[in-house]
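The values are calculated or read from the model by the stated rules, or taken from the named source; none is laboratory data. Model, not experiment: these values are computed from the prediction. For neighbour counting, all protein chains shown are included, and Cβ atoms are generated from backbone atoms with ideal geometry for every residue, glycine included.
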């Protein structure tokens, strides 16, 4: 079982969290094309290696945050709050 | 006492005699015995029958490695199959039965399989019973009966299990010399150290080898070390605990057998406990296991691992036989000679396959026993157990051995070398290297925070094991942040000169029918491996699955490497080229009860009760599971049928007034200066325009454009909304909104809090509901002017502050009253008392369902994840401007095209009930396949219309009102003619709810 570093609560067991995939995709604007919206809603990369993903501290502070994780080695590299550029 | 036990020696408590039964026969042993040592002491040789050929099998090993001596332990509900007798601590009254034999272990009719064995090669069942494919199910029944192991209890398990979460700086797996040495060093640093060992007392090989540590007897050092460790507050020992899996980031999961050594758990005691241990550092000192050598009929009772024979002699004072032959390819087995002498057994010869001499120490241990070098045991003789062995010489590698002579004996002590136990290292994705000097796989590249030491690391000298353990203890404590300040004295042992081992993966074939067993649990022979190779199964993973090599409960601990090496020989390849199968958790079988822990039956998921639950129970409500909730279905009166009760409650709401518990609705407090803007983006309809003190029905979509959930939300103040969700989606809606609030639109100032548990809710509905409400909140307080439709007021009932909403989902004048949960029952009772004048009555979920179908109000049956807002008739709620979740994809052509299924009402034309879940077809099908135009989502008898009605999703349904179609239920064979109508049957104009 993974230990997920919540930026607010510290390392906690994976069972406290909900996973939600790729955190690099951005919700398009209404004016964007059908294919951009289709990609946003339906398609995700499934990389082997490092991946930035959303985790939700469902059983804790209920914050969403980004975790950088290696899907091959399961190494958790970093985590950060969901601040946008 | 049995004739095979010495009157002195061993670590038994001879003052405590223990009685037990095996196959109904009474035996006795001593405190400190295992079932295996007690059976051997009593001269019991045949303990079970083999998997496929039903050949007699006896005790082969001494611990976890035991492949064949398995029994059904205990009786009745506590009966457990496939228990290794070598791991069962003897207790008074123990009862064990041999398994997989009939009528008895000594006379087993299934042994016909042994006679027929030339007809039963590897893959026999697959090949023979393949055609016709449809008959496999038929054959399988008999095959499963003929092959296999024990059967489990059929009654519910009476015992309790638990789980515990443990944390430590250094976890040490295995309490042999290396593990104990590591524990001493690590604990001296002050680090929190936990040591787990599968045996009841630890010690590893020190329990069955006569060794010297710190210039004294090893058991003296062992006892001192255990005492010293037990005094340290930062040290914890878990005996009878098997670390069975290594998971990410140093989480080791172990099974602690808390009371398996007792007849049954003491009151309040669990049987077993699963430990999830999170360790900063792990030291793996899991030792090594001796392996066998495949030779002719090497599976018979009387063939045992040399180390096990040693252990039974030294620890239990048991002689496993009277005349022994030792067969080895390495030095370690020579110690068995002295051990056997100590219990009065005779060692007729040591047969060593090596041509070069053993080391100095081995020769000392040999003493006067006869050494036959460069020779092998060709095969054993004897019917049910070993009576003699044939000895021979191998001239050239690969040649058949030439028989030289026969030796009469009743015990063969075999040693094919040692295999490090690296399962946990392998679970950690550690790569293995093949070490030629010991002919075994050893841990390869290092894994961070995981240290493998001692014989698990391929280091077989005691002195080096102690040293490696100590070093790893210091290093792991240091990495966990504990510097050892005191100088640690490393325990010492004499350095030994040991002769090299020479691999002997099998004794070459002598006769076509002589079975040389590789895996004695699964009856896999060298011939099976040769056949598999001939048939093209050249990968180890394929070999394993085709022959079942190493697939049993012992996972081939004593045999796997022999199988792989023989495949390598056939492929003319080196062992590392052939590779090894993957080790996966669990290391040893774990009972399902232990894995489930307390999470079973009613504890499988939480049960949720509303704040009015006790009232419902007191008033004889029939409670129904609704998701995780217990909700009242109806309140039957004396002598009333279920149907009568439901119809009475429904009519009562339409004619008078009823009250029902809606506390399970999700409630979310939405606050912040952008709260209205946020709801505007979450719901499809408008929220910024909502006045304070008013509520609105809202619908939300998923981002893919389909309907997600609905509910009413109220503007309590400029920046605060009180949102409700459906019961089932209370959690998912909150999470959905958190995603958008925190990750998509973090610039919005909005704060979300679940208040579902803090607020109870009740719906008051019926023509007299206003009269009742006025009585409890004040005359005219609920008038149409003060509280118009979709209005909300603060009020007090029984001096409890409450929120009163003018909403209705029944098609009657109605209100929802939300109350702080703790006061729910007081308020409920107050309303019931005040409503007596109007004959108020509680109603349950069943009546509520009928009322909402009559009103055409959608619930989860219609919001099934495939319907759009327009499908449900809410198309006009979708605001044309501005963004909201799901807007863009709701606009795609497939979701807006003609021909979609739309929500309609249906009425049964011939008065028969409409089957739930029925498909809508155009004409009676006559039993033939028919095109479907939609499906029934909800159906009931409507007391108000005195008619069978339902809701359905039908293709272009709103265009075909008045048309007759058929609700077909192929499962029940019923087809009911229905008329398509508008989905609202009652109060379509909203006069009642607004009145």
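Some observations on this one:
- Answer residue from the stretch A:58-79, given it is within 9 Å of chain B (Cβ to nearest Cβ) and part of a loop (DSSP other than H, G, I, E, B) and is farthest from residue B:882 (Cα to Cα) among those: A:73
- Qualifying residue in the stretch B:273-288 (condition: in contact with a strand residue (DSSP E or B) (Cβ under 9 Å, 6 or more places away or on another chain), assigned to a loop (DSSP other than H, G, I, E, B), modelled with pLDDT of 95 or more and more than 20 Å from residue B:201 (Cβ to Cβ)): no
- Test for residue A:48: is it without any contact (Cβ under 8 Å) to a residue 60 or more places away in the chain, assigned to a loop (DSSP other than H, G, I, E, B) and more than 12 Å from chain B (Cβ to nearest Cβ): yes
So that you can scan it fast, the table gives a plain yes or no per residue for (1) in the same structural domain as residue B:260 (by TED's automatic domain parsing); (2) touching a helix residue (DSSP H, G or I) at 6+ places or on another chain (Cβ under 8 Å); (3) at pLDDT below 70; (4) over 30 Å from residue B:468 (Cβ atoms):
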| residue | (1), (2), (3), (4) |
| --- | --- |
| B:129 | no, yes, yes, yes |
| B:144 | no, no, yes, yes |
| B:167 | yes, no, no, no |
| B:183 | yes, yes, no, no |
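- Among (1) surrounded by fewer than 18 Cβ atoms within 10 Å (Cβ to Cβ); (2) at pLDDT 95 or above; (3) facing chain B (nearest Cβ under 8 Å), the one test that residue A:83 misses: (2)
- Counting only strands (runs of 3 or more DSSP E) that sit completely within the stretch B:307-383, those holding 2 or more residues that are over 46 Å from the mean Cα position of the chain (by Cα) correspond to B:346-352, B:370-373.
- Among the candidates A:37, A:55, residue that is outside any loop (DSSP other than H, G, I, E, B), within 8 Å of another protein chain (Cβ to nearest Cβ) and modelled with pLDDT of 95 or more: A:37
- Taken residue by residue, the stretch A:4-18 has at least one member that is more than 15 Å from residue B:739 (Cα to Cα), in contact with a strand residue (DSSP E or B) (Cβ under 9 Å, 6 or more places away or on another chain) and part of a loop (DSSP other than H, G, I, E, B).
- Residue match in the stretch B:911-933 (condition: under 22 Å from residue B:701 (Cβ atoms) and free of Cβ contacts under 8 Å to residues at least 12 places away in the same chain): no
- Pairs, first within 14 Å of another protein chain (Cβ to nearest Cβ) in the stretch B:402-430, second assigned to a loop (DSSP other than H, G, I, E, B), C-beta under 6 Å, six or more apart: B:427/B:585
- Residue B:322 being away from chain A (no Cβ under 14 Å), over 29 Å from residue B:209 (Cα atoms) and surrounded by fewer than 22 Cβ atoms within 10 Å (Cβ to Cβ): no
- Checking each residue in the stretch B:797-809 for being out of contact with any helix residue (DSSP H, G or I) (no Cβ under 7 Å at 6 or more places or on another chain) and either assigned to a helix (DSSP H, G or I) or farther than 25 Å from residue B:855 by Cβ (or both) picks out B:799, B:801.
- Scan of the stretch B:668-692 for residues that are in a strand (DSSP E or B) and in contact with a helix residue (DSSP H, G or I) (Cβ under 8 Å, 6 or more places away or on another chain), ordered by number: B:668, B:670
- Test: residue in the stretch B:264-271 that is surrounded by fewer than 21 Cβ atoms within 10 Å (Cβ to Cβ) and within 20 Å of residue B:175 (Cβ to Cβ): no
- Residue within the stretch B:839-848 that is at pLDDT 95 or above and surrounded by fewer than 17 Cβ atoms within 10 Å (Cβ to Cβ) present: yes
- Qualifying strands (runs of 3 or more DSSP E) (wholly inside the stretch B:216-263; at least 3 residues being under 20 Å from the mean Cα position of the chain (by Cα), modelled with pLDDT of 95 or more and assigned by TED's automatic domain parsing to the domain that holds residue B:186): B:241-247, B:251-257
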